[in-house]
Amino acid sequence: MLHAGALAQPEPNQRDRTFLHQAHQANLAEIQAGQAAQDKAAGETVRKLGAKLIRDHTKMDRDVRRVAEQAEVDLPARPTPEQRRQLKQVAAHSGADFDRAWLASQIAGHRRTLANGATELRDGSSPAVKMLATDAKPIVQTHLDLLVDAENGDVGR
């Protein structure tokens, strides 16, 4: 027997599944990066940005996990090997070098996340998954703007 809402939501396509994996792994990586910033940042700006990433990506990941569970999509337990390698490289720095490496890494990661969201909106089939991409876009864009400002020295002056 079909549930009343069963016909309302199309089966997630491969793009939707890929986006859920990418979003979840990006959130896990950003939370870990935020924790590294809390532990190692030389500057208050990077430390505050790290705290914001932890807060925002934890909330976004709750939504990703909820949608993935409803869509019966199993999510990976860890960030990708590349994300883990990148964080390890950044964490090997200290002081102002850490802050610079962290900002550069976060800017690149947030740009990738925006690109993944745009691909989902273009090619995805699940309204629930596409809504995640839509809802995440302004948050990720705000993060990117703050990160670029910090890299340019415009924050905290």
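The values are calculated or read from the model by the stated rules, or taken from the named source; none is laboratory data. These numbers come from a predicted model, not from an experiment. When we count neighbours, we look across all protein chains shown, and the Cβ atoms used for this are built from the backbone with ideal geometry, even at glycine. In case anyone asks, the SASA skips ligands and DNA or RNA and just uses the protein heavy atoms, side chains included. Shrake-Rupley method; radii C 1.70, N 1.55, O 1.52, S 1.80 Å.
Restricting to segment 60-72, what's the tally of residues that are within 15 Å of the chain's Cα centre (by Cα) and surrounded by 12 or more Cβ atoms within 10 Å (Cβ to Cβ)?
Result for segment 60-72: 5.
Counting only helices (runs of 4 or more DSSP H) that fall entirely inside segment 78-157 and contain at least 2 residues that are free of Cβ contacts under 8 Å to residues at least 40 places away in the same chain and β-branched (V, I, T), the qualifying elements are 127-151. Could you check, for segment 73-82, whether at least one of its residues is in contact with a Lys or Arg (Cβ under 6 Å, 6 or more places away or on another chain) and open to solvent by less than 30 Å² (accessible area, probe 1.4 Å)? Within segment 73-82, one or more residues are in contact with a Lys or Arg (Cβ under 6 Å, 6 or more places away or on another chain) and open to solvent by less than 30 Å² (accessible area, probe 1.4 Å). Selection of segment 88-138 for residues being among the hydrophobic types (A, V, I, L, M, F, W, C), more than 14 Å from V46 (Cβ to Cβ) and either touching a strand residue (DSSP E or B) at 6+ places or on another chain (Cβ under 8 Å) or surrounded by 20 or more Cβ atoms within 10 Å (Cβ to Cβ) (or both) yields V129, L132, A133, A136. Inside segment 143-157, residues that are in contact with a Ser or Thr (Cβ under 6 Å, 6 or more places away or on another chain) and either farther than 18 Å from A51 by Cβ or at pLDDT 95 or above (or both) make up a count of 1. The sole residue among D61, D39, D16 that is over 21 Å from T119 (Cα atoms) and among the acidic types (D, E) is D39. A71 meets the conditions (1) hydrophobic (A, V, I, L, M, F, W, C); (2) closer than 14 Å to A33 by Cβ; (3) in contact with a Pro (Cβ under 7 Å, 6 or more places away or on another chain) in every case but one. The failed one is (2).
Which condition breaks for T18 when tested against (1) open to solvent by less than 30 Å² (accessible area, probe 1.4 Å); (2) more than 19 Å from A150 (Cα to Cα)? With (1) open to solvent by less than 30 Å² (accessible area, probe 1.4 Å); (2) more than 19 Å from A150 (Cα to Cα) applied to T18, the lone miss is (1).
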